[in-house]
Number of protein chains: 2
Amino acid sequence: MNAASEALLTDLYELTMAHAYFAQEMTGTAVFEFFVRKLPPHRNFLMAAGLDQVLMYLETFQFAERDLDWLEQTGTFTPSTLDAFRTMRFTGDVHAMPEGTVFFPHEPILRVTAPLPQAQVVETRVMNLLNFQTMVASKACRSVLVAEEKPLIDFGLRRAHGAEAGLLAARAGYLAGFAGTSNVLAGARFGMPTYGTMAHAFVQAHHDEAEAFLHIAQAQPGNVVLLIDTYDTEAAAEKVVVLAPRLKGQGISIHGVRLDSGDLAAHARKVRQILDRGGLTDTKILASGNLDEERVNALVQSEAPIDRFAVGTAMTTSADAPYLDCAYKLQEYAGRPCRKRSEGKATWPGRKQVYRRLGRDGRLAEDIITIEGDNQPGRPLLQPVMQGGRRLTPSPSIQEIRDHARMALAELPDTLRRLEQAAPYDVRIAETLEQLARQADRYT
Amino acid sequence: MNAASEALLTDLYELTMAHAYFAQEMTGTAVFEFFVRKLPPHRNFLMAAGLDQVLMYLETFQFAERDLDWLEQTGTFTPSTLDAFRTMRFTGDVHAMPEGTVFFPHEPILRVTAPLPQAQVVETRVMNLLNFQTMVASKACRSVLVAEEKPLIDFGLRRAHGAEAGLLAARAGYLAGFAGTSNVLAGARFGMPTYGTMAHAFVQAHHDEAEAFLHIAQAQPGNVVLLIDTYDTEAAAEKVVVLAPRLKGQGISIHGVRLDSGDLAAHARKVRQILDRGGLTDTKILASGNLDEERVNALVQSEAPIDRFAVGTAMTTSADAPYLDCAYKLQEYAGRPCRKRSEGKATWPGRKQVYRRLGRDGRLAEDIITIEGDNQPGRPLLQPVMQGGRRLTPSPSIQEIRDHARMALAELPDTLRRLEQAAPYDVRIAETLEQLARQADRYT
């Protein structure tokens, strides 16, 4: 997806609405907020992610000449609208929760304040970016919380929904606490650690499994992780033991073995015994193969001797909840608070702030959603991040985001840390906001 | 995702295995096949899609200098491997089922025949592309089959998993029989029809709903579709009736109204009455809002007066089955058939062909999977599409693919057309292939 076309990555109605706004000279200041209406099943909280990509998109927003040529030939837009598109840049302000912040339904994690056509036109891509990474980070947290410090590695690229999904899922998993990814491009782009082992094809391409182990070990002597389930897992573990002294003679140690099928706990126990008996007590066991947080939890709880887990498809696609019920809604236009009252989809009007109060135990006690300027106890979660289309500070490093996420998870009460659905966390609507909603209703 | 980096969009192990293959001079001819192990829940068949993107990827496969710089600084690869990467192009052959072909588990839809390192390195992206579009096209077919010729429109971009997912989901839906998409970039890139209405924000930004209708109608006089559920659906329908004569005076007719919340069937009936009573008998009703094939089916069966449906998130993310249990497996190396026997994941060896036999009613009767050259009754589904790294024919137009898909759906027996899980379709393994599997087992 090259930058020149990213402005066209939008729903057609954003452009026709902008066209109408220009025609009516409705270019006053609009305030849109992005929030999630309700938690997906099996989620006790969400983790904000994707802000950095949103800010990059807004900073570089621009129609290319060939985009304008295409829009012109649709016959939908007047020359004056096409001229307005040509010079359109994002010149607004953004407030947001930092990536890695834990949040709950109805809490805005991003607020866009900009001339109405700009704030409207960016809707689709802003939602597309925040929905995806937030969804993946929130899913990844669940594995992180049950893995008890055992490293988790993202193996999801092959079943990610396209290129960008693979790249950004790796990022979202890493910021939530994964140790790294198999995705080389994510490593190059985001400076994340990359991990790799070997595929069944490598074993199959050889006449002999032991020979395959020897060859892959010699090719990557610094990181030998042998896949041992192509034919018979325990027989392959025995071959690893036989091979080890020969490799040691070449200065190569076997860092790990990978199990990818069958009863992973049972195989891990047998393989651990075989390796230990063969003196390979330092050789780690990596488990993969359709893992998700439920399976990781079961394996950890079973005390199976597995040292690290590769989680792929389940995290990358957020398989049990592959979308968020999220929205980007107009909350104020030209100084007037707005709300939508569609059945089941009503929203809170105005520019909002979320305050978070911790208990004496340092864990979350209560969040309060209110309007900006109505100070409440606790710390405010939305911060100014962009003004006049420019970032206020350089984007935090991914390590800083990881640190923030780790602290956010540490603040979770035990009930919210578990995989089972918990009683909803207490999010209170401040009386000031209730009043504003009643006032907004009188306008329509 | 620019072309220069697409070669890095891969799992690290593909590159380390290639490194080992080079070191061992294992550059003989490898045959890999892509197939799905089993149907996801709620699917009676799958539809092949994504081939055009795979062939584009293979045709243009190349590491950029900056990719090589990055790989070099990882310290994992020798200068000779980096040189091999530098000159690496895809020079192999590809056989595939045309996009829009219906297929079943264990039937390969793509075969790659190429020097082993090439065939290995492209694995991740080939899977990434085929898994996604095939999954979405297969999901989209279900809505197409129940919509009874009523147009379906893709509204999924905002909750698609990133940019490429939004773009390619629009394509996959269109080839499966959707009428078009809201995605402007998909329209520009693939020549698909684009559709747009208006958002709640547009209504909210106005003081008066009727004024908002007037403004959007004047802005896009050729395609007036008014969103009427922002506050009160039926009240808004009455406003549409009042507005119509005024617009008619300006030469503008109201093409449609959109319902996006509440009980869509009930609202549609009331709104239809209001419109008809107001003389707007030609004004269509479009329904949207968390629709999937089950809801489309229920609305169609209820005979609610809905003329077209917008299906978004459910299709774009294939929400009930957001991945396929797919694999890209080595089936032959240097003339020797291979298979994997991992528990629950055993595969059929060799270069395969799938024959499809129709019954006298012109519907699918039986598929037979066998090895290439073992002719069976029916028509072979895999065709040569690339030789020596070059396409054999220009890619079919998306209209041709749509026609092929429509014929494929017409060949489905009634049981497989329904939304409910049907008894599995009869896919037979030919005796020749059974023999080859026994032979492959003797090798290991």
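Quick note: the coordinates plus some simple rules give every number you see, no bench work behind them. Note that the coordinates shown come from a computational prediction; the quantities given were computed from them, not determined experimentally. Cβ sites come from the backbone with ideal geometry, for glycine too, and all protein chains shown count toward neighbours.
Check each of the GluC sites (Glu not before Pro) in the range A:1-108 and keep only those in coil by DSSP with at most 11 other C-beta atoms within 10 angstrom; list them in order.
Of the GluC sites (Glu not before Pro), the ones in loops of the range A:1-108 whose Cβ has at most 11 other Cβ atoms within 10 Å are A:GLU25.
With θ set to phi - 60°, apply the Karplus curve 6.51 cos²θ - 1.76 cosθ + 1.60 along the range A:233-244 and write out the HN-Hα couplings as whole Hz, x wherever there is a Gly or Pro.
Per residue, the Karplus-derived 3J(HN,Hα) values read 4, 5, 4, 5, 4, 4, 5, 4, 4, 5, 6, 3 Hz.
In the protein assembly as shown, what % of DSSP beta bridges are antiparallel (nearest 5)?
65 percent
Quick one: Debye curve from the alpha-carbon atoms of the range A:300-444 only, equal weights, vacuum; give me log10 I(q)/I(0) at q = 0.08, 0.16 Å⁻¹ to two decimals.
At q = 0.08, 0.16 Å⁻¹ the computed log10 ratios are -0.35, -1.25.
May I ask you to give the average projected area over all directions of the convex hull of the Cα atoms of the range B:1-117, in nm² rounded to one decimal?
Mean projected area for the range B:1-117: 8.5 nm², to one decimal.
Between B:LEU227 and residues 5 or more places away or on another chain, which pairs have amide H atoms under 5 Å apart, with H built 1.01 Å from N, and which residues are they?
Counting only residues 5 or more places away or on other chains, the set is B:MET198, B:ARG258.
Rounded to whole Å and sorted largest first, what semi-axes of the equivalent ellipsoid does the C-alpha gyration tensor of chain A yield via the square root of 5 times each eigenvalue?
48, 27, 16
Mind jotting down a quarter of the surface of the convex hull over the alpha carbons of the range B:251-368, in square nanometres, one decimal?
The Cα convex hull of the range B:251-368, projected and averaged over all directions, gives 14.3 nm².
Helix-only estimate, please: 222 nm mean residue ellipticity of the protein assembly as shown, summing -39500 (n - 2.57) across DSSP H runs of length 4 or more and dividing by its residues, to the nearest 500.
-12500 deg cm²/dmol
Quick one: with label points 7 Å out along Cα→Cβ, list the inter-copy distances for B:ASN290 in nm, shortest first?
B:ASN290 label point versus its equivalents elsewhere: 2.9 nm.
Over 31 Å between Cα atoms, which of A:LYS38/B:LYS248; A:LYS340/B:LYS270; A:LYS270/B:LYS38; A:LYS139/B:LYS38; A:LYS284/B:LYS352; A:LYS139/A:LYS345 qualify?
Pairs exceeding 31 Å: A:LYS38/B:LYS248; A:LYS284/B:LYS352.
Between A:THR29 and the same site in the other copies, what are the distances in nm, shortest first, taking label points 7 Å from Cα along the C-beta direction?
7.0
Round to the nearest 10 and give me the degree value, 0 to 90, for the angle of helix A:398-410's Cα axis relative to the longest principal axis of chain A.
Approximately 90 degrees, to the nearest ten.
Please report, largest first and rounded to whole Å, the three semi-axes of the ellipsoid equivalent to the range A:74-142, where each semi-axis is the square root of five times an eigenvalue of the C-alpha gyration tensor.
32, 14, 9
Can you give me the angle between helix A:123-146 and the longest principal axis of chain A, using Cα atoms only, in degrees from 0 to 90, rounded to the nearest 10?
Taking Cα atoms only, the helix is inclined about 40 degrees.
Taking a quarter of the surface of the Cα convex hull of the range A:102-207, what do you get in nm²?
Hull-based average projected area comes out at 9.4 nm².
Would you tell me the mean number of C-beta atoms belonging to other protein chains that fall within 10 Å of each C-beta in A:341-347, as a whole number?
6
How many times 2.2 N^0.38 Å is the alpha carbon radius of gyration of the range A:147-316?
This ratio for the range A:147-316 stands at 1.02.
In whole Hz, what ³J(HN,Hα) sequence does the range B:376-386 give by Karplus (6.51, -1.76, 1.60; θ = phi - 60°), x for Gly and Pro?
10, x, x, 9, x, 9, 8, 10, x, 10, 9
Just to be sure I understand the curve: with the Debye formula and one point per C-alpha of the range A:364-426, what is log10 I(q)/I(0) at q = 0.12, 0.17, 0.25, 0.26 Å⁻¹?
-0.49, -0.89, -1.13, -1.14
Beyond 14 Å, what share of the Cα-Cα pairs of the range B:241-303 remains, rounded to the nearest whole percent?
The answer is 60 percent, as a whole percent.
What gaps in nm, shortest first, separate A:ALA422 from its twins in the other copies when you place the label 7 Å past Cα toward the beta carbon?
Spelled out, the distances from A:ALA422's label point are 4.7 nm.
Using just the C-alpha positions of the protein assembly as shown as equal point scatterers, what log10 of I(q)/I(0) does the Debye formula give at each q in 0.10 1/Å?
Evaluating at q = 0.10 Å⁻¹ gives log10 I(q)/I(0) of -1.14.
GluC sites (Glu not before Pro) within the range B:264-355: which are DSSP loop residues with at most 12 other Cβ atoms inside 10 Å?
Filter output for the range B:264-355: B:GLU303.
Between the alpha-carbon centers of the range A:63-136 and the range B:317-338, tell me the distance in whole angstrom.
Between the Cα centre of the range A:63-136 and that of the range B:317-338, the gap is 38 Å.
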